[in-house]
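**Student:** Have a look at this one.
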Amino acid sequence: MRSVNNHCDLYDFSIWGNEDVSSGKGAKDENFPVGSLLISRKLRPHVQAYYNFARVIDDIADSEMLSSEEKVKRLNGMQAVLCDDVPAPDRADIQSARYLRNSLLETGVSFDTATDLLIAFRQDAVKNRYETFSELLEYCRYSANPVGHYLLDLHKENADTRPAADALCTSLQILNHLQDCRVDLIRLDRCYIPLDMLRAENVDVQAVKDEGTISGLRNVFDYILDYIDDLNREAEQLIRLTSNRRLRMESSVILTLACSLTEHLRKEDPLATRVKLNYKDAIKAVLYACPHILR
């Protein structure tokens, strides 16, 4: 279990104040199912504990009211509660770390699946640009892939499932970056689109704020979507390798939704509107998952 330096300045809870930095989002607002009925009833509360913690620290990193320093201190505070069980105010957001701590201790899932997320969100607090695609993939290693590791470990899956799960989680993360690229730049001055790719098309990063995509930027989007296609193909192995029937079906649903969202982003303009999944996509995903019931 990872620990943090117990110097109080690293996680001074007095800086939290009374302001609410919650985005107001819940599982129903996500593109992909979180703790769905495909997950066993026994494991669903643990998945919810993990999601609640992730939602809180994501909201901290994305807050428009907090300075970079305040964000880092709050994230350190969450890690202190999670890893060191330090006393903390009785607030739902902070206590989500204690609930997850208890869950991880009960299930034996590695604390790294949570502390790696904190690495990514501390980075979000201080880093607003990504020079290369390799930098972006390294970010996804901490911001997205731990979610797959958590679910695999929770279901006691073999380690050989991890590469395919990493491919799927990275795909989902980058798809979300493309969906929200305009609002991220406007609200947070944060851009995940690699700068070297923009320069290669003679596009300034400020073009991402426009209400329509210029041709050079469209080329960048399409290049990224080509890479996501490769990730989605690699992720198909996850369905073959996963032993747990429910998790196999969940993986199938999520992968089908990822492929559908990729198609939408090729045909639609993420600067003109938030490209998103629809009811037909959900039906298609469920139908594609049905054959995995009998395997």
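**Student:** I'd like to check one number: the per residue accessible area of the chain, probe 1.4 Å, reported in Å² as a whole number.
**Tutor:** Solvent-accessible surface per residue comes out at 47 Å².
**Student:** If you only keep lysine pairs separated by 8 or more in sequence, or across chains, how many in the chain come under 21 Å at the Cα atoms?
**Tutor:** Close lysine pairs under the 21 Å cut-off: 16.
**Student:** With θ set to phi - 60°, apply the Karplus curve 6.51 cos²θ - 1.76 cosθ + 1.60 along the range 126-132 and write out the HN-Hα couplings as whole Hz, x wherever there is a Gly or Pro.
**Tutor:** 3J(HN,Hα) across the range 126-132, in whole Hz: 10, 10, 10, 9, 10, 6, 10.
**Student:** Just the number, please: carbon plus sulfur as a percent of the accessible area of the chain, 1.4 Å probe, no ligands or DNA/RNA counted.
**Tutor:** 51
**Student:** Calculate for the chain the 222 nm mean residue ellipticity that helices alone would give, adding -39,500 (n - 2.57) per DSSP H run of length 4 or more and normalising by residue count, nearest 500 deg cm²/dmol.
**Tutor:** Rounded to the nearest 500, the figure is -20000 deg cm²/dmol.
**Student:** Mind ordering 250-257, 265-272 by average Cβ neighbours within 10 Å, highest first?
**Tutor:** Packing proxy ranking, top to bottom: 250-257, 265-272.
**Student:** I would also like to ask the following. With θ set to phi - 60°, apply the Karplus curve 6.51 cos²θ - 1.76 cosθ + 1.60 along the range 265-271 and write out the HN-Hα couplings as whole Hz, x wherever there is a Gly or Pro.
**Tutor:** With coefficients 6.51, -1.76 and 1.60, one gets 5, 6, 8, 10, 9, x, 8 Hz.
**Student:** Within the range 44-80, list the GluC sites (Glu not before Pro) lying in a DSSP loop whose Cβ has at most 12 other Cβ atoms in a 10 Å radius.
**Tutor:** Here the sparse-neighbourhood loop sites are E64.
**Student:** Same structure, new question: Between P146, S14, I186, whose Cα lies farthest towards the positive end of the dipole of the chain when Lys and Arg beta carbons carry +1 and Asp and Glu beta carbons carry -1, centred on the Cα centre?
**Tutor:** Of the candidates, P146 comes out farthest on the positive side.
**Student:** Inverting the mean 1/r over all pairs of different Cα atoms, compute the Kirkwood radius of the range 194-271 and quote it in Å.
**Tutor:** Final number for the Kirkwood radius of the range 194-271 is 14.2 Å.
**Student:** Determine how many Å³ per residue the convex hull of the Cα atoms of the range 89-234 encloses.
**Tutor:** About 120 Å³ per residue, rounded to a whole number.
**Student:** Output needed: percent of Cα pairs per 10 Å distance bin for the range 75-127, bins running from 0 to the one holding the longest distance.
**Tutor:** In order of increasing distance, the bins hold 25, 54, 21, 1 percent.
**Student:** Using only alpha carbon pairs under 8 Å that are at least six residues apart, calculate the relative contact order of the chain and give it in whole percent.
**Tutor:** So the answer I get is 17 percent.
**Student:** List the extent of the Cα atoms of the range 39-128 along each of their three principal axes, largest first, rounded to whole Å.
**Tutor:** Per principal axis, max minus min of the Cα coordinates gives 39, 27, 20 Å.
**Student:** Can you give me the orientation-averaged projected area of the convex hull built on the Cα atoms of the range 153-240, in nm²?
**Tutor:** Computing the convex hull of the Cα atoms and averaging its projections yields 6.9 nm².
**Student:** Whole number please: convex hull volume per residue, Cα atoms of the range 164-295, in Å³.
**Tutor:** Per-residue hull volume (Cα only) is 103 Å³.
**Student:** How are the Cα pair distances of the chain distributed, in percent, across 5 Å bins from 0?
**Tutor:** Once binned at 5 Å, the Cα pair distances of the chain give 1, 5, 12, 16, 18, 16, 14, 10, 6, 2, 0.
**Student:** For the range 60-70, take each phi angle, set θ = phi - 60°, evaluate the Karplus expression 6.51 cos²θ - 1.76 cosθ + 1.60, and give the result in whole Hz per residue in order, putting x for glycine and proline.
**Tutor:** Values per residue, Gly and Pro as x: 4, 5, 9, 5, 8, 9, 9, 6, 4, 5, 5 Hz.
The values are calculated or read from the model by the stated rules, or taken from the named source; none is laboratory data. Just so we're clear, the structure is a prediction, and the values are computed from it rather than from any experiment. Methodologically, a virtual Cβ is constructed for each residue, glycine included, from the backbone with ideal geometry; neighbour enumeration extends over all protein chains shown. All accessible areas refer to the heavy atoms of the entire protein, side chains included, with ligands and DNA or RNA removed. Shrake-Rupley method; radii C 1.70, N 1.55, O 1.52, S 1.80 Å.
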